[in-house]
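Visitor: Can you keep this structure in mind? I'll have questions shortly.
The values are calculated or read from the model by the stated rules, or taken from the named source; none is laboratory data. Owing to the predicted nature of the structure, the values given are computational and were not obtained by experimental measurement. Here the Cβ positions follow ideal geometry from the backbone for every residue, glycine too, while neighbour counts run over all protein chains shown. Quick note on the areas: whole protein, heavy atoms, side chains included, nothing else; ligands and nucleic acids left out. Shrake-Rupley method; radii C 1.70, N 1.55, O 1.52, S 1.80 Å.
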Amino acid sequence: MPRPTLLVAEPEPIQALSVRKLVLETAKFNVLTAHSNREALDIFHLFPNISAAVLVGESGLDCDLIANSIRNTTDKVPIIFLSGRIAGRCEYANHNLQTGEPERLLELVRSLLGDPRELDSKQA
């Protein structure tokens, strides 16, 4: 069974890779990264087996646009919205979290999709 694949839509990070991407990949999730609304929607439609979408609510990304487009295609893909604002919300997201809590993001993704490290140990 293949590892779960996450679509992570976030603004271009100042450093080479975002902390979110590193945390998720270290936890053995496959991560496809988009840095714009158009890129997020293109990746979603090019890779129909995406397991979940993580949308980061920073300037330049429209969570409601992306999440609504995903919802109109399928209701089987969990959508997680991350916001730097305490009251930040995405109407079409299944889950809303704070961006500064990568541990909570990882816990949530594992609770939704399972732990890919267990897949590796079963195949060994």
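Visitor: For Ile43, all conditions in the list (1) free of Cβ contacts under 8 Å to residues at least 60 places away in the same chain; (2) open to solvent by less than 40 Å² (accessible area, probe 1.4 Å); (3) more than 10 Å from Leu7 (Cα to Cα) hold save one; what is the number of the exception?
Guide: (3)
Visitor: Which numbered condition in (1) closer than 21 Å to Leu113 by Cβ; (2) more than 10 Å from the chain's Cα centre (by Cα); (3) modelled with pLDDT of 90 or more; (4) of a type outside the set (A, V, I, L, M) is the only one that Thr5 fails?
Guide: Just one mismatch for Thr5, condition (2).
Visitor: Go through (1) surrounded by fewer than 13 Cβ atoms within 10 Å (Cβ to Cβ); (2) polar (S, T, N, Q); (3) in contact with a strand residue (DSSP E or B) (Cβ under 8 Å, 6 or more places away or on another chain) for Thr74 and report which single condition fails.
Guide: With (1) surrounded by fewer than 13 Cβ atoms within 10 Å (Cβ to Cβ); (2) polar (S, T, N, Q); (3) in contact with a strand residue (DSSP E or B) (Cβ under 8 Å, 6 or more places away or on another chain) applied to Thr74, the lone miss is (3).
Visitor: Find the residue count for the stretch 52-64, including only residues that are at pLDDT 95 or above and open to solvent by 30 Å² or more (accessible area, probe 1.4 Å).
Guide: Number satisfying all stated conditions: 0.
Visitor: List the pairs whose first member sits in the stretch 9-29 and is open to solvent by less than 80 Å² (accessible area, probe 1.4 Å), whose second member is part of a loop (DSSP other than H, G, I, E, B) and at pLDDT below 85, and whose Cβ atoms are under 7 Å apart, counting only residues at least 6 apart or on separate chains?
Guide: Glu10/Ser18; Glu10/Glu58; Pro11/Glu58; Pro11/Ser59; Pro11/Gly60
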